[in-house]
Every structure is written in C-alpha cells, then in structure tokens.
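Chemist: Can you read through this structure? Questions will come right after.
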Amino acid sequence: MPIKISLDAAMYCVVLLMAFAVPLSTAAASIAVGAGTLFIAVKYFRTREMPPFDAELLEVLAVYIVCQIFIAATSWDVAISFREVVGEIHRFFPLIFAMTFIKNREQLCGILIATILASLINEAAGIFQYFVLGEPRAFGFNHTPTFYGSFMLMQLPMMIFIARLKILSPIWRRLAMVAVIFSLICLVLSMTRGAWLAFIMVVVIFVLLEKKYRRVTAKIFAGLTIIFLVVTMMSPRLQDRLLTLTDANFRSNSERILMWESALKIFRDYPIYGVGQKIFFTAYNEYYISHDAKERPSTDRRGHTHPHNNLLHRASEGGLIGLASFIGLYAYFFWKFYMQFRRERKFSICAGLTAFLILAGLQLEGLTDTNMNQVPIMREFWLLAGTLIAAEHILKQRAT
C-alpha cells in the first residue's frame, strides 16, 4: 500500500536537509532545493493549488527579478547573463521554503538543531585545517577563506540567538554557545580582514539598537579584544595580516583599488544597464584592467571575476538599474527585519534583530569583497532569513 506524505511534511524535510547541508555541501543543498521545487510542482499539477506564499515578499522579489531580466536582455552576452539570472532566482528558494513550511515549535527546533550541528562540523573542520594540516587560512567546507569569514558572520548572531531560546533543551543551548566560541575562533582563523572589520561594526550596531545590553557587550568585547591581542602577539601570521589593513602598497589592497577604479569606468561608460550579469570578468580583464594592475589573466591565473565590492559589482554589471534594484531589495529586508525586531521587543524575542545583524554583517563585509552573489553564502543567508521570519509567529504564540 503506497505511503502518502503531505506536501507540508515533505517540504519540512527539505528545509531540514537544507539547514544541515547548506554550510557543508553545495551539491547536497542543490539536491534539497531541486527536490523542494519538484514537490511543489507535482502538488500544483495535481491540485492546481500553490502553497500560501507571502504575497508582499513575492512582489518585491518579482520587481527585482524583472530588473535583472532587463539587464540580461541588454548584456554583452545575453546567454551568460540569463543563466546568472536563473541562478539568482534559484537562490531565493530557501527563503521562501523556510518562511512557508516551518509552522510550529517542534519544526523550528528541528531546523535550529540541524543548524547547530552543521555549524559545529564546519567550524571543527576549519580549526583542524589550521592547527593540524597547517593551512595558512581556515576555510572549512566553504571553498575559500573569504566565504568562510562570511559564514562566521552569519553563524555568530544565529548561534547567540539559539543559545538564548528556552524552547530548546539545555544541551542544545550549551552546544550553541560552544558554536559561538568556535565561530569567533574560526572568524579569526579565516584571516578575512573584511569580515573582522564587519564584525566590529555589527557589534556597534547591536549596542545602538539594544541599549540595555551596552554594558555587558562592552565588557565581553573588551575581553575578546584583549584575548585577540595576546594571541596576535604570539602569532606572526596574525601580525602580518593586521599590518596589511592600512598598507596601501600591499598587493591585495592596491589591486582592489585598481579594480574599483575600473568598475567605476565601466559604470561611467554603461550607466543605465551595465555590461550584464557575470560579464565583469570579460569587461575588466579584456578592456578595463589598469596598466598598473599586477594580477592579470595568464596561463596559471584566470583573472578577477568581480571588483571586490558589492555596490561597484552591481553598478558595473547592471548600471543604475542593477544598483537601484540591489539597494532596493536589501533596503526592503533591512526594513522588514527592523520592524520585526520592533514588534518582538515586548516579548523578549530577538529573531528580527538576529536577521538584521546577519544582513548588516554581510553588507559591511561586501564593501571590500563581493559576497552577495555567491551561491553558498546566499543560500545560507536566505535560509537563515526565512527561518528567523518564521520564528517570529511561532515564538510570539508561545510568549503570549
């Protein structure tokens, strides 16, 4: 006799798999997203009914996607740009799935436990790589140290949020605190300078929004700073990395500045619709690269694919349309998370604040790197965002 499983149950399993897989395996996460899309499509063809997706959010995403389609239609290479647009649409699915199919406390707890376990595994991998394998920079399961830094910026607020949740048993809350400590360690071991600066700014934003925690946050941050300085005194790698922050002659810094200048030149020449998504590589390396640039395409080097700045990346590839749609999309989510934070304050729930800080961390790091177009980073961000949006209603019901 065939076993019948409801769409809600199947999609919860998909979100659960994503919560565990996204930080650890791009392939497994892709399978989960594909399975979820298939389940919804099969359900629709059988019943002609769609799940109750958030209409306002879909409208915002639709406006953004229409802008991206227009940019792709005017691209230097239409086929490449349209493939990128399809890929970007695909990255929104974790947000929609989590918002729609996390419906009760038990499901929320399951997702959060999977998030804790995935975080601990990813952090343990980074610590092992640095201290046992002798890697110069930890990267865990996230392909590059820069991606790893972005993941730690997301994991830190998320693990602190989980550690404070009384709906979880004490053992899981303690493990979340362990993950907080590991995330701090791995943020340092990633040697990602932009992520370090973004973390400091996120702490500043937190104390501006939550006045009652200013004193305890100041004490914790002061303690962490002392520990970091002591460790740095004993680590030549950390000392060298810190010194490069203000060294204009350090190649990574000088090359970034040259790329920013080139991105502005592309924007100047194509101010309305840019050169098209995924076309910065061609435009920069073949036409706009500075004569002073040392990092050039060669037989052993592919060349830069982005200008190491989210805003300049969108401006050069999408012109004013791309830049405005990018700013508009994330301004909407900043507003959405902030309003959620305001509603939750009376119930001592901080899901909205957590989502706000995660997005702030990514955008601040994105001033010195291009992180908001990377598949693993965006899947994790949208999954966490959807989970935290869903958490508001579930936790508010319990609080009242």
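The values are calculated or read from the model by the stated rules, or taken from the named source; none is laboratory data. None of the values given here were measured: they were computed from a predicted structure. As a convention, Cβ positions derive from the backbone with ideal geometry for all residues, glycine included, and neighbour counts pool all protein chains shown. SASA here: full protein model, heavy atoms, side chains in, ligands and nucleic acids out. Shrake-Rupley method; radii C 1.70, N 1.55, O 1.52, S 1.80 Å.
Chemist: Could you identify the single residue in VAL22, VAL14, VAL66 that is open to solvent by 40 Å² or more (accessible area, probe 1.4 Å), out of contact with any strand residue (DSSP E or B) (no Cβ under 7 Å at 6 or more places or on another chain) and β-branched (Val, Ile, Thr)?
Modeler: Unique residue meeting the criteria: VAL66.
Chemist: Looking at the stretch 265-289 only, could you name the residues that are aliphatic (A, V, I, L, M) and surrounded by fewer than 15 Cβ atoms within 10 Å (Cβ to Cβ)?
Modeler: Scanning the stretch 265-289 gives a single hit, ILE272.
Chemist: For ILE327, indicate whether it is open to solvent by 30 Å² or more (accessible area, probe 1.4 Å), assigned to a helix (DSSP H, G or I), in contact with a Cys (Cβ under 7 Å, 6 or more places away or on another chain) and not hydroxyl-bearing (Ser, Thr, Tyr).
Modeler: Considered against the rule, which asks whether it is open to solvent by 30 Å² or more (accessible area, probe 1.4 Å), assigned to a helix (DSSP H, G or I), in contact with a Cys (Cβ under 7 Å, 6 or more places away or on another chain) and not hydroxyl-bearing (Ser, Thr, Tyr), ILE327 comes out as no.
Chemist: Take the residues in the stretch 290-313 that are closer than 24 Å to GLY361 by Cα and open to solvent by less than 50 Å² (accessible area, probe 1.4 Å); name whichever of them is modelled with the lowest pLDDT.
Modeler: Checking each candidate, the answer is HIS304.
Chemist: Give the stretch 232-243 a look and list any residue that's in contact with a helix residue (DSSP H, G or I) (Cβ under 7 Å, 6 or more places away or on another chain) and either among the charged types (D, E, K, R) or open to solvent by less than 60 Å² (accessible area, probe 1.4 Å) (or both), or say none.
Modeler: Across the stretch 232-243, the qualifying residues are THR232, LEU238, ARG241, LEU242.
Chemist: Consider LEU153 carefully, then state whether it is free of Cβ contacts under 8 Å to residues at least 24 places away in the same chain and either out of contact with any strand residue (DSSP E or B) (no Cβ under 6 Å at 6 or more places or on another chain) or crowded, with 19+ Cβ neighbours inside 10 Å (or both). Even if it seems obvious, please write down each step before you answer.
Modeler: Details: free of Cβ contacts under 8 Å to residues at least 24 places away in the same chain: no; either out of contact with any strand residue (DSSP E or B) (no Cβ under 6 Å at 6 or more places or on another chain) or crowded, with 19+ Cβ neighbours inside 10 Å (or both): yes.
When the stated conditions are applied, LEU153 does not pass them.
Chemist: Looking at GLU49, GLU59, can you tell me which residue is modelled with pLDDT under 95 and among the charged types (D, E, K, R)?
Modeler: GLU49
Chemist: Could you pull out every one of the helices (runs of 4 or more DSSP H) wholly within the stretch 78-149 that has 2 or more residues that are free of Cβ contacts under 8 Å to residues at least 24 places away in the same chain?
Modeler: Those helices (runs of 4 or more DSSP H) span 78-91, 105-131.
Chemist: Can you tell me which condition THR305 does not meet? The list is (1) among the hydroxyl-bearing types (Ser, Thr, Tyr); (2) in contact with a Phe, Trp or Tyr (Cβ under 8 Å, 6 or more places away or on another chain); (3) part of a helix (DSSP H, G or I), and all the others hold.
Modeler: Exception for THR305: condition (3).
Chemist: Under the condition of being out of contact with any Gly (no Cβ under 6 Å at 6 or more places or on another chain), open to solvent by 20 Å² or more (accessible area, probe 1.4 Å) and not aromatic (Phe, Trp, Tyr), which residue from the stretch 89-101 is nearest to ALA55 (Cα to Cα)?
Modeler: ILE96
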